[in-house]
């Protein structure tokens, strides 16, 4: 991690990953392979990717100010659940082998992608049973955040689908909330890794710097892309990632 080309590649991948992830896509689709390409082994790359993702939080928050206006109370209530889930997933990663769990990853990513496509129809049911949807949101957020702290690829898609179904059918608003909840989970995950596990800071620093810059681009793109088109693009990316992980699991 001492060569300048490696640092440049990781930083560039971070910019692209931050922009894609904060726009509702898959951050790890770009950042994780870039880390592997520069010689970082799989598990340290996973940890570095999750720690660096913290940098997306302030950037996307700044860029999403219009969508987050008046949402502070809601975020205070739900960010805690995301943080608990993220810390739990990261602790499991440090304590257990990831191979068995990752066999299920393609199916989880595919399920989240299909849920995105189904979100408009399902949201019509939300007003009929608010209490049940709140419980589903709580359980879903814990599980998705735990998965995000464990591996992360596709967790943004799953969280976005969950929020589109249970909170807000407007994709720009749901995406802004998703970025904040993913940020809370990322902070908890990063603190867990920093406290109990080795972190490759030579990879984290350039990747995080790039992610911070890229995360200020994504929310602005979401406002300009038609919601239906964006939903289908994100779902297509997710299904593509699911196929790739199924064929060649990491």
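The values are calculated or read from the model by the stated rules, or taken from the named source; none is laboratory data. Note that the coordinates shown come from a computational prediction; the quantities given were computed from them, not determined experimentally. Using ideal geometry, Cβ is built from the backbone for each residue, glycine included, and neighbour counts are taken over all protein chains shown.
I'd like to check something: does the stretch 27-43 contain any residue that is in contact (Cβ under 8 Å) with a residue 24 or more places away in the chain, buried (at least 20 other Cβ atoms within 10 Å of the Cβ), part of a loop (DSSP other than H, G, I, E, B) and within 13 Å of the chain's Cα centre (by Cα)? Checking the stretch 27-43: at least one residue is in contact (Cβ under 8 Å) with a residue 24 or more places away in the chain, buried (at least 20 other Cβ atoms within 10 Å of the Cβ), part of a loop (DSSP other than H, G, I, E, B) and within 13 Å of the chain's Cα centre (by Cα).
Taken over the stretch 44-81, the criterion of being surrounded by 24 or more Cβ atoms within 10 Å (Cβ to Cβ) and in a loop (DSSP other than H, G, I, E, B) is satisfied by 64 alone.
Matching residues to (1) touching a helix residue (DSSP H, G or I) at 6+ places or on another chain (Cβ under 6 Å); (2) within 22 Å of residue 223 (Cβ to Cβ); (3) in a helix (DSSP H, G or I):
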residue	(1), (2), (3)
140	yes, no, yes
145	yes, no, yes
152	yes, no, no
162	yes, yes, yes
168	yes, yes, no
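The set of residues in the stretch 126-147 being closer than 16 Å to residue 79 by Cβ and modelled with pLDDT under 85 consists of 134 alone. Before we move on, is residue 117 modelled with pLDDT under 80, closer than 21 Å to residue 29 by Cα and surrounded by fewer than 22 Cβ atoms within 10 Å (Cβ to Cβ)? Here the answer is yes, as residue 117 does meet what is asked.
Picking from residues in the stretch 167-176 that are crowded, with 23+ Cβ neighbours inside 10 Å and touching a residue at least 24 places away in the same chain (Cβ under 8 Å), the one that is farthest from residue 86 (Cα to Cα) is 171.
The set of residues in the stretch 237-249 that are out of contact with any helix residue (DSSP H, G or I) (no Cβ under 6 Å at 6 or more places or on another chain) and either surrounded by 14 or more Cβ atoms within 10 Å (Cβ to Cβ) or in contact (Cβ under 8 Å) with a residue 12 or more places away in the chain (or both) comprises 237, 240, 243, 244.
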